[in-house]
Amino acid sequence: MTALPLDPARIRAEFPAFAEPSLQGQAFFENAGGSYTSRAVLAKLDHYYRATKLQPYGHYPASQAAGAAMDLSFERLAQALNVTADWIHFGPSSSANTYVLGKAFGEYLKPGDAVIVTNQDHEANTGAWRKLAKMGAEIREWQVDPATGRLSLSDLDKLLDSKVKLIAAPHCSNVSGEINPIADIAARAKSIGAVTAIDGVSYAPHGLPDLTALGADIYFFSAYKVYGPHQGVMAVRPELAMSLPNQGHFFNDEKPRYRLTPAGPDHAQIAAASGIADYLETVASIAGNSVEGADPFRRAHAAMRAQEVALATPLLDYLRKKNSVRIIGPDDPNLRAPTIALGLAEPGAAVAARLARHNIMAGGGHFYAYRLLEAVGIAPDHGVLRLSFVHYTTPEEIQQLIAALDAELK
């Protein structure tokens, strides 16, 4: 394994879960379902519940402090994503956020307008848009290669014309794992006057992206998969957000934060989300001069990706040699996130249950990528075994996983 830019001991010291007695010896490979929560986030959540658990933005000091803590999260996540705070919206989950967006676009689009969706996505970023067919939209499906689960830009080009108003695609699939070229997709959309809705749920845990560089109009992810509280974060280009029909109370029509989140999440969780940015700055500090980047968030991104590529290399080398294993997506760790789904003769959940005997926490199923599994010839009920990790995973845990797989895979 190549040298790691991040010291695992220093990184893991930022997560109370690694000091939890009940989790000792348990190697966590279910991170795509939700990561451990950082100490910075937990401290802010605890403080809010103890000191400011009341209605924010009021006239007395505790209420004003509550509102200021929430405002800070809008500002800090915007800073991490390299956009302004008016891009940021908090909702109860990514699925709820896209549901609201789908309703807004249903009122915004005209009959005959076309929407491009993929069959690589988690259902959150395809189902909400497909429902627009009932309102007169034409739905076009950008399909994956059935052998590899990968999306081709040349196939996207065949679907593009002046009728297309929206392209919905994943930054990274939660099953095939490939990192898609979002800047290229966004550029194509802009060239025909369309907007992009990008599902970043499976990418963001591996480093929050520079949204200005990506050029996406909508980018959403789940904070609980980015070391934060259980809520959804949605970045929407402000001009687009104000042009979409208001989905909140009529008297909040001129308030950007309220128009696309008719029922926001717990105030304490919004306030705690600024801890995500604090944690990423800690990652950059731990990385030091081992990586380059224009600011701490870009350095954290670079360090996290380099760490994950180094960790994924021996695992993919091992899996590549197993004839009984089908790796869904690319087997090059530089091209994918370390969310590695395996097609096996046995149902994925059955193998995950046996891995638990080896203190490996992994998952099996279709993981809401129902259409993708069908496309690559795997019955969703059969499912895949999914092994997902992030930068806080250790080389020793990778070897623990390989040993467990060697014992359980024929």
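The values are calculated or read from the model by the stated rules, or taken from the named source; none is laboratory data. Computed from a predicted structure; not experimentally measured. In this analysis, Cβ positions are derived from the backbone assuming ideal geometry, glycine residues included, and neighbour counts consider all displayed protein chains. The accessibility values were calculated without ligands, DNA or RNA, using every heavy atom of the protein model including side chains. Shrake-Rupley method; radii C 1.70, N 1.55, O 1.52, S 1.80 Å.
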Any chance you could count how many residues in the range 355-390 are more than 21 Å from A312 (Cα to Cα) and either open to solvent by 40 Å² or more (accessible area, probe 1.4 Å) or at pLDDT below 95 (or both)? 10
What strands (runs of 3 or more DSSP E) lie completely within the range 83-142 and have 2 or more residues being in the same structural domain as Q247 (by the TED database) and over 27 Å from D266 (Cβ atoms)? 114-118, 138-142
Could you check the range 95-138 and list, in sequence order, the residues that are touching a Ser or Thr at 6+ places or on another chain (Cβ under 6 Å) and open to solvent by 10 Å² or more (accessible area, probe 1.4 Å)? A124, A128
With the requirement that a residue be buried (at least 24 other Cβ atoms within 10 Å of the Cβ) and of a type in the set (A, V, I, L, M), what does the range 172-182 give you? V175
Has the range 183-192 got any residue that is in a loop (DSSP other than H, G, I, E, B) and either open to solvent by 20 Å² or more (accessible area, probe 1.4 Å) or in contact with a helix residue (DSSP H, G or I) (Cβ under 9 Å, 6 or more places away or on another chain) (or both)? yes
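Conditions (1) open to solvent by 30 Å² or more (accessible area, probe 1.4 Å); (2) more than 17 Å from Y224 (Cα to Cα), marked per residue:
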{"site": "I11", "(1), (2)": "no, yes"}
{"site": "F15", "(1), (2)": "no, no"}
{"site": "L23", "(1), (2)": "yes, yes"}
{"site": "G33", "(1), (2)": "yes, no"}
{"site": "Y60", "(1), (2)": "yes, yes"}
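Residues in the range 33-50: is at least one modelled with pLDDT of 95 or more and more than 24 Å from L72 (Cβ to Cβ)?
We begin by selecting, within the range 33-50, every residue modelled with pLDDT of 95 or more; these are 33-50.
Now narrow it down to the ones that are more than 24 Å from L72 (Cβ to Cβ): 33.
Within the range 33-50 (the criterion being modelled with pLDDT of 95 or more and more than 24 Å from L72 (Cβ to Cβ)), the answer is yes, since at least one residue qualifies.
Anything in the range 128-177 that is free of Cβ contacts under 8 Å to residues at least 12 places away in the same chain and closer than 30 Å to N31 by Cβ? List them, or say none. Spell out the reasoning first.
So the first thing to find is which residues in the range 128-177 are free of Cβ contacts under 8 Å to residues at least 12 places away in the same chain, and the list is 133-134, 145, 152, 154, 158.
Of everything in the range 128-177, those that are free of Cβ contacts under 8 Å to residues at least 12 places away in the same chain and closer than 30 Å to N31 by Cβ turn out to be D145, S152.
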Please list, ordered by first then second residue, the pairs with beta carbon atoms under 7 Å, 6 or more apart or interchain, first in the range 371-382 and farther than 10 Å from I328 by Cα and assigned by the TED database to the domain that holds G343, second open to solvent by 30 Å² or more (accessible area, probe 1.4 Å) and acidic (D, E). P380/E374
Looking only at residues in the range 278-303 that are of a type in the set (A, V, I, L, M) and not in a helix (DSSP H, G or I), which one is surrounded by the most Cβ atoms within 10 Å (Cβ to Cβ)? V291
Here's a check for you: in the range 212-228, which residue that is assigned to a helix (DSSP H, G or I) and among the small types (G, A, S) is least open to solvent (accessible area, probe 1.4 Å)? A223
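Check the range 314-323 and report whether any residue there is open to solvent by less than 10 Å² (accessible area, probe 1.4 Å), farther than 22 Å from A27 by Cβ and in contact (Cβ under 8 Å) with a residue 12 or more places away in the chain. Step through it out loud before you land on a result.
Quick first cut of the range 314-323, residues open to solvent by less than 10 Å² (accessible area, probe 1.4 Å) only: 315-316, 319.
Then keep just the ones that are farther than 22 Å from A27 by Cβ; that gives none.
No, there is no match, as no residue in the range 314-323 is open to solvent by less than 10 Å² (accessible area, probe 1.4 Å), farther than 22 Å from A27 by Cβ and in contact (Cβ under 8 Å) with a residue 12 or more places away in the chain.
Restricting attention to the range 245-277, which residues are part of a helix (DSSP H, G or I) and open to solvent by 20 Å² or more (accessible area, probe 1.4 Å)? Explain how you work it out, then say what you get.
Residues of the range 245-277 part of a helix (DSSP H, G or I): 250-252, 256-259, 267-272, 274-277.
Once the filter is applied, which keeps residues that are part of a helix (DSSP H, G or I) and open to solvent by 20 Å² or more (accessible area, probe 1.4 Å), the range 245-277 yields F250, F251, P256, R257, Y258, H267, Q269.
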